[in-house]
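> Before I ask anything, let me first share the structure, which is written out below as structure tokens.
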């Protein structure tokens with residue numbers, strides 16, 4: 001049977017590699033590609049994918065889908081190309097095949113459907129054009145007192161008309177609505193011309209609600225404030241109010257594309273219809289800025305971006321807002337200062353200019369990039385000499401960044417690599433101190449090419465740029481107010497970016513989310529594997545729950561699967577490079593903490609860190625605070641801060657690794673990083689899911705983790721932000737799971753909270769379809785791990801300090817019982833550095849400690865805390881009501897002594 005690859009399966013795999021929160025233009029192109037390939041059969045695939053976007057509205061998605069023409073030229077090649085930018089590899093994707101006859105049947109069906117839709121769309125477009133003519137014929141000139149115009153502070157023009165909503169509904173056959181709300185009052189009618197002919201109308205009511213005429217075509221069209229014939233300079237805006245303000249302030253004709261996605265086509269239409277006329281594109285700050293920039297680039301136009309200064313309000317985004325706040329003169333100034341195509345004249349120098357696609361100067365095309373335009377005075381009566389110096393390949397300076405304390409200023413840069421990709425980097429301005437080599441190194445590594453004969457020129461350019469757009473700078477990943485920051489993206493806000501001296505960012509995506517869920521499914525029945533995946537998703541819960549940090553350490557013999565659990569956990573946020581090792585200094589681990597804050601810090605091979613560094617890092621990593629260091633003036637620098645969920649692996653426990661260097665693990669350290677031993681039926685695993693052995697299952701998990709990763713973490717955060725805004729109370733849910741673990745109060749409950757936190761993450765991920773687990777599975781996995789931890793922990797419910805004190809006294813007796821103690825009844829043995837005496841009862845030997853020896857044995861603990869532990873365990877046999885030792889007679893001593901009578905049999909805290 002002749003077969004061909006199934007495009008539907010390939011398209012779906014590629015589509016779900018792409019985050020649904022892509023810019024609207026990309027979202028629209030993906031919809032167009034699916035409709036071109038599959039007709040209306042592609043709708044449900046597009047809908048399922050689009051639902052993951054934060055701003056998803058099904059009514060808008062349906063309207064967009066209906067407006068698409070299946071015969072347009074956007075094909076599946078566009079979809080695959082976009083997917084490759086997010087890690088999709090078509091060659092590595094499974095090749096599902098279908099019968100060639102079935103494939104041909106599908107194609108014929110789609111083509112027939114496309115023809116039918118095209119005919120229907122043409123009919124609807126003609127009907128819309130006819131209706132538009134009828135509406136304009138009945139509409140009247142706009143009253144200057146119209147509420148919308150009054151609110152926008154603009155005056156009507158001859159090309160703008162108005163009609164009552166009831167009359168409009170009769171003419172077009174329905175009541176126009178915006179997001180389900182009907183337009184009311186006097187409706188502004190905005191005629192849209194395509195190729196010089198009336199095509200459709202835009203409708204705006206008193207409150208500013210907007211609607212397009214059903215079936216109307218505005219792609220490549222625009223509305224103008226007046227006649228364009230004979231104009232020497234045309235202003236292209238996105239919306240009606242901006243166009244009216246620009247026209248009113250400058251007196252120049254202005255046109256409105258009526259959507260940011262139509263800006264580029266409108267610009268191209270203007271360039272075609274009015275060749276040689278200067279065009280300035282008026283950008284809106286926000287989602288439309290990139291579209292405005294593309295429109296200007298497409299025709300070599302100037303681009304004007306409104307500059308509101310440092311006090312710009314969140315609602316100030318366009319030139320109409322600038323008109324209302326700063327006046328007409330400022331609007332004129334900024335539009336006149338917009339960068340034109342070609343090199344500037346003498347009056348505009350000195351200046352920097354960016355030519356992203358190059359430009360033409362005196363018939364000569366110059367290469368793209370950043371240029372310095374200066375001048376040099378001529379000799380005697382000679383005119384000045386113009387200097388045009390190429391600085392670098394295209395580099396945008398998008399925004400000024402700073403932290404919440406009005407410090408840590410930086411610049412958000414966008415670098416175009418030799419591959420043509422734009423990459424963002426928020427560069428701290430402090431990197432320009434000194435010789436700037438570190439900043440130049442990062443720029444070079446990202447693909448920027450600059451003039452090596454004047455290598456500081458690129459830094460002078462960056463320093464000279466002071467963008468009006470202000471953004472928050474985040475020095476660590478994770479939560480920043482209500483947004484979640486990752487090195488390459490921000491979830492929940494568009495006014496913040498990750499700012500760091502380097503571009504080392506292990507977060508990445510590859511493969512597909514559906515294939516990753518197959519990996520997650522293998523955790524069912526394997527509680528420690530599930531615990532690792534849950535821990536990976538628990539990081540984003542730390543901030544909302546006000547938890548400084550938490551840590552788990554999975555330990556066991558070599559080849560038992562502990563690293564497999566960590567590799568699976570890593571796939572929640574990135575690929576194999578996301579996993580780090582303990583082979584680092586304490587300072588190096590601080591740097592790792594800032595890059596993994598509120599996500600997951602995965603450290604493998606505990607044995608690679610020296611015990612001293614581990615002793616220092618165990619507190620700092622979980623507490624989230626680095627060392628306070630001094631600057632060259634001796635003043636304290638701000639300490640680095642972070643908040644991590646640490647997942648560690650190794651063959652030894654945390655305490656055992658410390659003790660290898662002579663360091664006694666403190667209870668606080670052991671409670672911050674909880675030791676969980678691997679003790680399943682097959683090493684890490686309890687259930688093999690049909691695989692032949694634990695090693696086979698382990699290999700499969702490792703392979704899947706290396707091929708499909710980076711989706712679950714951001715998806716979990718997106719759902720978390722959405723649910724928190726809808727009123728999710730995480731504290732109540734955490735308390736509920738903690739109660740199910742039946743932990744004793746004190747240190748045991750503190751440990752239980754860490755396991756419960758992981759269980760909560762897993763339950764939420766299951767609820768939000770991030771993982772394919774049943775409700776309650778994650779809680780059971782957390783309870784299983786907590787039970788293992790509690791079983792191996794010494795102390796019979798007592799605190800870790802209690803157990804450590806008893807163990808220290810017992811170890812002291814084992815080491816020095818014969819050398820530093822002698823018989824109380826008298827002995828001929830010479831005792832150096834005496835610690836006390838011993839006395840023999842019927843069946844056991846008791847040790848009589850001096851207070852100095854007891855302090856030595858329990859170094860690091862207060863003597864009162866030591867005595868309390870000994871008393872509670874029953875090991876101290878001669879304490880009075882004030883916990884002081886009673887006096888004991890000792891042979892060969894002049895006076896009785898206060899000695900602590902210790903029973904070694906009572907020092908075993910496991911009894």
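> Counting pairs of alpha carbon atoms under 8 Å apart in space and at least six apart in sequence, what relative contact order in percent does the chain give?
So the answer I get is 7 percent.
> Where does the chain land at 222 nm, in deg cm²/dmol rounded to the nearest 500, when only DSSP H runs of n ≥ 4 count, each adding -39500 (n - 2.57), divided by all residues?
Mean residue ellipticity, 222 nm, calculated: -12000 deg cm²/dmol.
> Moving to a separate point now. Would you mind computing Rg(Cα) / (2.2 N^0.38 Å) for segment 800-907, counting N as its residues?
1.00
> Reported to two decimal places, what Rg/Rh ratio describes segment 43-85 when computed on Cα atoms with Rh from the Kirkwood expression?
Radius of gyration relative to Kirkwood radius: 0.99.
> Next question. Whole angstrom only: what separates the Cα centroid of segment 588-624 from the Cα centroid of segment 815-879?
Cα centroid to Cα centroid, the span is 39 Å.
> By per-residue mean of other Cβ atoms within 10 Å, what is the highest-first order of 812-819, 776-783, 763-770?
In decreasing order of mean packing, 812-819, 776-783, 763-770 become 776-783, 763-770, 812-819.
> Neighbouring Cβ atoms within 10 Å as the yardstick, rank 80, 46 fewest first.
80, 46
> Then there is this: Give the percent of DSSP beta bridges with both residues in the chain that are antiparallel, rounded to the nearest 5.
About 70 percent, rounded to the nearest 5.
> Using only the alpha-carbon atoms, what does segment 393-498 span along each of its principal axes? Please give whole angstrom values in decreasing order.
Result, largest extent first: 45, 30, 23 Å.
> Related question: With the cut-off at 1.5 for a/c, could you classify segment 641-773 from its C-alpha gyration tensor as rounded, prolate or oblate?
Taking the square roots of the gyration eigenvalues as a ≥ b ≥ c, segment 641-773 is oblate.
> What order do you get for 686, 893, 566 when you list them from fewest to most C-beta neighbours inside 10 Å?
Lowest to highest Cβ neighbour count: 893, 686, 566.
> Continuing with the same structure: For segment 225-339, what relative contact order do you get, as a whole percent, if you take Cα pairs closer than 8 Å and at least 6 residues apart?
Normalised by residue count, the contact order of segment 225-339 is 26 percent.
> Roughly how many Å is it from the Cα centre of segment 306-339 to that of segment 31-69, as a whole number?
36 Å
> So how do 530, 471 line up by other beta-carbon neighbours within 10 Å, fewest first?
471, 530
> Let me ask you something else. Normalised radius of gyration for segment 125-218, please: alpha carbon Rg relative to 2.2 N^0.38 Å, two decimal places.
1.00
> Which peptide among 874-886, 835-847 comes first, and what is the full order, when sorted by highest mean count of other Cβ atoms within 10 Å?
835-847, 874-886
> If you don't mind, another one. For the chain, what is the Kirkwood hydrodynamic radius in Å, using each pair of distinct C-alpha atoms?
32.7 Å
> Please state the Cα pair-distance histogram of segment 513-792 with 10 angstrom bins from zero: what percent is in each bin?
Calculated over all Cα pairs of segment 513-792, the distribution is 7, 31, 37, 19, 4, 1, 0 percent.
> Give me D for segment 449-571 in µm² s⁻¹, whole number, from Stokes-Einstein with Rh from the Kirkwood sum over alpha-carbon pairs, 4 °C and 1.567 mPa s.
71 µm²/s
> Can you give me the Kirkwood hydrodynamic radius for segment 225-339, using every pair of distinct Cα atoms, in Å to one decimal?
13.7 Å
> So for segment 837-911, averaging the separation of alpha carbon pairs under 8 Å that are six or more residues apart and normalising by length, what relative contact order in percent results?
Relative contact order here is 33 percent.
> Let me ask you something else. So between residue 390 and residue 456, what do we pick up on full extension, going 0.36 nm a residue minus the alpha carbon distance?
Extra length from residue 390 to residue 456 when fully extended: 22.5 nm.
Read-outs throughout are calculated quantities, based only on the coordinates presented, and are distinct from any laboratory measurement. Note that the structure is a prediction, hence the values are computed from the model and not measured. All Cβ positions, even for glycine, are placed from backbone atoms using ideal geometry, and neighbour counts span all protein chains on display.
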